[in-house]
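Presented below is the structure to which this report refers.
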C-alpha cells in the first residue's frame with residue numbers, strides 16, 4: 001500500500017563522466033482480481049487505487065454498472081504472503097445480493113479483452129451488445145466540444161502527473177468536462193489500468209455513466225481502451241498517439257468520438273466527428 005515508487009542504484013554516464021547514484025523507479029507488481037473468491041484476472045500494475053482498478057475492470061467486462069451492484073472489495077492473503085500474511089496483491093470483489101455472478105474465471109479469458117483471441121467482428125459485437133450505456137449517435141447529441149479545448153488537454157494531463165515527474169515511467173488517464181476542467185487523473189504502468197482506476201472511482205461514487213465527459217490518455221488508443229470508454233458511457237476518447245485499426249472500427253460501430261495524435265493544435269478525428277464543433281468549410285480528401 002502506497003508503494004508507488006522504489007529506489008535503485010544506477011551507473012550514470014554523462015559526456016564520458018561516470019558516477020553512481022540512486023534513481024527513482026515506478027513500482028510494478030501483479031494484482032490478482034478475484035470475483036466471489038474465484039480467480040478472475042491478473043494484471044501488472046502500479047500499487048494504489050487497487051479497489052478502483054478492480055471495480056473499473058468489472059465495468060469494462062460488463063459485470064458492474066452501478067455502485068449498488070457492488071457489495072465490497074477486500075484485500076486477501078496472496079500466494080506469496082508468508083504465513084498467510086497480506087501481500088496487498090490480491091483483491092476479492094463481492095457482488096451485491098441478487099447480482100448474477102458471470103461464469104468467467106482465470107482459466108477462461110473474459111470475452112472483451114484484446115488478448116482473448118476473438119476475431120475482430122466478434123469483439124465488436126461483444127462490446128456493442130453488452131454495454132449498458134449505449135452512446136448517443138445522433139448528430140444532435142448534446143455533447144459538443146471545441147477543438148481548441150481538446151488541444152489544451154495533453155498539457156493539462158502532463159502537468160497533473162505527479163509520479164511521472166519523479167520517474168518518467170508512467171502512463172496516465174484523465175477525465176475532463178467538455179469545457180476542459182480536470183475531474184480526475186490516475187497514473188499506472190499500464191494505460192488500461194489507469195483507465196480502470198478512473199472508471200472504478202466513478203462507479204464507487206455513483207457517477208456512471210460518464211456521458212458528459214472526455215477521457216484523455218497518454219500513448220496510443222488501443223481496442224481495449226475504446227472498449228473501456230464505451231462500457232463506461234464516455235462519449236469522447238482522445239489520445240496523444242495513434243489508434244489501432246480495430247479501435248477505430250469499434251469507435252465507429254458504437255458511436256464513440258475518437259481523436260488521435262492530439263498534439264498542440266493538431267489532431268486526427270477518426271470517428272464521431274459530430275461531437276466536435278468543426279468548421280463547415282472542412283474539406284475531405
May I ask you to list pairs of residues, at least six apart or on different chains, whose Cβ atoms are under 6 Å apart, with the first in the range 163-181 being over 22 Å from residue 149 (Cβ atoms) and the second being assigned to a loop (DSSP other than H, G, I, E, B) and modelled with pLDDT under 85?
163/4; 163/170; 164/170
Of 259, 269, 214, the only residue that is in a strand (DSSP E or B), modelled with pLDDT of 95 or more and surrounded by fewer than 23 Cβ atoms within 10 Å (Cβ to Cβ) is 269
Out of (1) surrounded by 14 or more Cβ atoms within 10 Å (Cβ to Cβ); (2) at pLDDT below 80; (3) out of contact with any strand residue (DSSP E or B) (no Cβ under 6 Å at 6 or more places or on another chain), the one residue 151 does not meet is (2)
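For residue 41, indicate whether it is in a strand (DSSP E or B), out of contact with any helix residue (DSSP H, G or I) (no Cβ under 6 Å at 6 or more places or on another chain) and within 22 Å of residue 232 (Cβ to Cβ).
Details: in a strand (DSSP E or B): yes; out of contact with any helix residue (DSSP H, G or I) (no Cβ under 6 Å at 6 or more places or on another chain): yes; within 22 Å of residue 232 (Cβ to Cβ): yes.
Yes: the conditions hold for residue 41.
Would you tally the residues in the range 2-35 being at positive phi and under 24 Å from the mean Cα position of the chain (by Cα)?
Narrowing the range 2-35 to residues at positive phi: 2, 15-16.
Next, from what is left, pick out any that are under 24 Å from the mean Cα position of the chain (by Cα): 2.
Residues in the range 2-35 being at positive phi and under 24 Å from the mean Cα position of the chain (by Cα): 1 in total.
Residue by residue, here is whether (1) under 13 Å from the mean Cα position of the chain (by Cα); (2) over 26 Å from residue 50 (Cα atoms) holds:
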{"site": "186", "(1), (2)": "yes, no"}
{"site": "206", "(1), (2)": "no, no"}
{"site": "232", "(1), (2)": "yes, no"}
{"site": "235", "(1), (2)": "no, no"}
{"site": "266", "(1), (2)": "no, yes"}
When residue 233 is evaluated against the numbered criteria (1) touching a residue at least 40 places away in the same chain (Cβ under 8 Å); (2) under 21 Å from residue 62 (Cα atoms); (3) touching a helix residue (DSSP H, G or I) at 6+ places or on another chain (Cβ under 8 Å), which criterion, by number, is the only one it fails?
(3)
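The values are calculated or read from the model by the stated rules, or taken from the named source; none is laboratory data. None of these values were measured; they are calculated from a predicted model. Using ideal geometry, Cβ is built from the backbone for each residue, glycine included, and neighbour counts are taken over all protein chains shown.
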